[in-house]
Amino acid sequence: MMADAHPMSRRSLEVALERSFVEGVMWPIEPAALAALIDLGLSEGQIAAYFSVEPAAVRALRRNYGIDA
């Protein structure tokens, strides 16, 4: 990461996710995208809510991608 980079605030993340829906983001998401959301501190429940899927679907995708809990 660059020294002058700032982490995305939770509100900025919410706005970016809302914008993504307008642009047509679909489930399932790519491994890097799921890992990034988890790294930003979103819970499986929050991720599930954004994508209108059950938390079990997020857990299953994490297992498929080998992303640790």
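3J(HN,Hα) along the range 28-41, derived from phi through the Karplus expression 6.51 cos²θ - 1.76 cosθ + 1.60 where θ = phi - 60°, amounts to x, 8, 5, x, 5, 5, 5, 4, 5, 4, 5, 4, 6, x Hz, with x in place of Gly and Pro.
Temperature 20 °C, viscosity 1.002 mPa s: under these conditions the Stokes-Einstein estimate for the range 27-69, based on its Kirkwood radius over C-alpha pairs, is 215 µm² per second.
Values in this text are rule-based calculations from the coordinates and carry no lab data. The model shown is predicted, which means the values in this text are computed figures rather than measured ones.
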